[in-house]
Structures are given as structure tokens and as C-alpha cells.
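A.B. asks: I am attaching a structure below and will ask some questions about it afterwards.
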Amino acid sequence: MSATAHPRQLMAADIQARKGAEKIVCLTAYTTPMARMMDAHADVVLVGDSVGMVLHGLPSTLGVTLEMMILHGQAVARGLSHAMMVIDMPFGSYEEGPEQAFRNAARLMRETGAGAVKLEGGTHMAETIAFLTKRGIPVMGHVGLTPQSVNTFGGYKVQGRGAAGTRLARDAQAVAEAGAFAVVLEKVPASLADRISAEIAVPTIGIGASAGCDGQVLVVDDMLGLFTDFRPKFVKRYAELGSQAEAAIAAYAAEVRAGSFPAPEHTFADEIKT
Ligand code: KIV
């Protein structure tokens, strides 16, 4: 049987090998049906801690727990056979030090089957990234706007403008040199994303960054237009499912109230016709 007839699920090494070559397509997913829909189209499916805000109505990602990540990770894993699954380490599960990070990353991978974890932070996380990667846990880095640091950033602002760009480039370099197989660059100026993409040896995955990155990631609910009231500049909406869903719900409510649903074709006869 040829490898192409039954291609195996992508792994960190496959993604890393795409540096400067074929673009890497990445989307978030939190459920089995969504993962199934994207499996044939995406290279990487990220079980992002954005799940807290997107599905659970939390005000930030800080309230997301390891248990939530595991539950959503298990659901996503059931929908994937081709795309690699990466799972976010939630706030508080890795920052104490390499041992804590290893313990929790191992649990995430063991209980979900993820191919890698993602964690936020630059130079200060390099030691932890090296510790994990040397012990069999592939790590995707994440620098720039790291949402778990929203309280120290004072909001979801563009990071790395002006002189801060050099520090951010150093962060990306440190994460890559520590052994990350790819690095997410979130909400940074396009010129800085291009510079980092040229400088570091592993693929960059942009979100609010630049088309010059080696790949792109978006939160799937954002690009499907599932939120009618959330329109960040860096999100291109490929559909308007939120307004379609609202219109469908309103039509259903009107028909129930009018007594026109269910119609005869939605009901069952007393006897089966032969
Ligand atoms: O949690 C998430 O969805 C993410 C991506 C937006 C990169 O970290």
C-alpha cells in the first residue's frame, strides 16, 4: 500500500520541514464536527485556549483549565486523521518551571493524543521549551501578543512596534533555538513578522502578522463569522454564519409561535404505508 493512499497524520517534523516552502495552514478547533470539517484542508489543528472565550463565554483565556483543554482535545482528536493536533497549555500550567511544564504537557499529550503542545512566552520560556523538547514533547512557541499576559500588556494591543521589535525578534530567536518546531507570531507589525520569518530557522505561523510568515492561523469561529459583534482587523471573514444562524433561529421561533412547524412532512403517521 502506498504512503499516499493512506497518508499518516502530520507530525512536528513534517511541519518544521515546511520552513520557506509550502505554506502551513492552521486553524483552531474545539469540537469533533469542526475538526472533521477541517481535517482534509488544514495541516495543523490547534486546540487553542481561546476555547474559553469562544465556547465558554469567559472574559479572557486566564480561566481555562487543564481539564477543559483535555476535554476539548479529546473531542478534536476524534475528528482528525490527517492534520496534526497541537494543544495549548493553559495559563498557570507551565510558568512555574520546566518540571511543572513537563508534568502537565505529558498529561495533555497522554490524555488527548496531541502531537505537540503550544505555550506562550519568549526568552524567559526558552529553558522550559528546551526541557520539554529534549524529553519527547514537541513545542510550538507563541510570541508577540500572548493573550495569557493580557493583564501585564494592559489589553490586546499590537506588540513589537518601534524599538520593542528587536526584543520581540530576540524572543522568537530564543524560542526557536530552544527547540520549538514552529513559532506563532500574534499581532505584530508586518515588517517585524517578515524580519523574524527571515531570521529564525523554524516556521513562523502568523495571526495578525504578515503573509510573509511560513503559515497562518485563525480562530475558526472568527473566520466563519460566528460572532456578529467581534470584528478584529486581522480576521478575514470567509462566511457570515453568525447572522445566518440568528436568522434561522428567529424563523424557527416565528414558525413555532404561529403553529406552522412542525408541518405534516415533519410528523409521523399512525401506520407505516406499504
Ligand atoms: O488560543 C488560540 O486560539 C491561539 C491562536 C489564536 C494562536 O493561541
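What follows is calculated from the coordinates using simple rules that are stated; it is not laboratory data. The model shown is predicted, which means the values in this text are computed figures rather than measured ones. Methodologically, a virtual Cβ is constructed for each residue, glycine included, from the backbone with ideal geometry; neighbour enumeration extends over all protein chains shown.
A.B. asks: Using a Gaussian network for the chain with springs between C-alpha atoms less than 10 Å apart, which of these wobbles most: V158, V51, V175?
C.D. replies: Looking only at V158, V51, V175, the largest GNM fluctuation is found for V158.
A.B. asks: Can you give me the relative contact order of segment 59-116 as a percent, contacts being Cα pairs under 8 Å and 6 or more apart?
C.D. replies: Relative CO of segment 59-116 lands at 44 percent.
A.B. asks: Considering just Cα atoms, how many Å³ per residue does the convex hull of the chain enclose?
C.D. replies: Cα-based convex hull of the chain, divided per residue, equals 176 Å³.
A.B. asks: Based solely on its DSSP helices, what 222 nm [θ] is calculated for the chain when runs of n ≥ 4 H residues each add -39,500 (n - 2.57) and the sum is averaged over all residues, nearest 500 deg cm²/dmol?
C.D. replies: -10500 deg cm²/dmol
A.B. asks: At a 10 Å Cβ-Cβ cut-off, how would you order M223, M69, fewest neighbours first?
C.D. replies: M223, M69
A.B. asks: Where does each of H266, H82 land when they are ranked from fewest to most other beta-carbon atoms within 10 angstrom?
C.D. replies: By the 10 Å Cβ count, ascending, the order reads H266, H82.
A.B. asks: Just want to confirm a number: the relative contact order over segment 12-239, from Cα pairs under 8 angstrom separated by 6+ residues, in percent.
C.D. replies: 19 percent.
A.B. asks: I've got another one for you. With springs connecting C-alpha atoms under 10 Å apart, model the chain as a Gaussian network and identify which of Y30, Y94, Y252 has the largest mean-square fluctuation.
C.D. replies: Judging by the Gaussian network model, the answer is Y252.
A.B. asks: Same structure, new question: Taking Cα centroids, how far is segment 182-234 from segment 60-85 in Å?
C.D. replies: 21
A.B. asks: Hey, what angle do you get for helix 164-177 against the long axis of the chain, alpha-carbon based, 0 to 90 degrees rounded to 10?
C.D. replies: Here the helix axis deviates by roughly 90 degrees.
A.B. asks: How do D270, D194, D221 rank when sorted from fewest to most other Cβ atoms within 10 Å of their own Cβ?
C.D. replies: Going from sparsest to densest Cβ surroundings: D270, D194, D221.
A.B. asks: List every residue whose amide H lies under 5 Å from the amide H of K118, counting only residues 5 or more places away in sequence or on a different chain, with H placed 1.01 Å from N in the peptide plane.
C.D. replies: I87, D88, M89, M140
A.B. asks: Using square roots of five times the C-alpha gyration tensor eigenvalues, list the equivalent-ellipsoid semi-axes of segment 145-260 in whole Å, biggest first.
C.D. replies: Gyration-tensor ellipsoid for segment 145-260: 39, 14, 11 Å.
A.B. asks: Loop only per DSSP, at most 14 neighbouring Cβ atoms within 10 Å: give me the GluC sites (Glu not before Pro) in segment 174-260, ordered by residue number.
C.D. replies: In loop regions of segment 174-260 (DSSP not H, G, I, E or B), the sparsely surrounded GluC sites (Glu not before Pro) are E240.
A.B. asks: Where does the charge balance sit around V44 when Lys and Arg score +1, Asp and Glu -1, over other residues with C-beta under 13 Å from its C-beta?
C.D. replies: -3
A.B. asks: Please check the chain for the longest run free of trypsin sites (Lys or Arg not before Pro) that are loop-located per DSSP (anything but H, G, I, E, B) and have at most 15 other Cβ atoms within 10 Å.
C.D. replies: Result for the longest clean stretch: 162-232.
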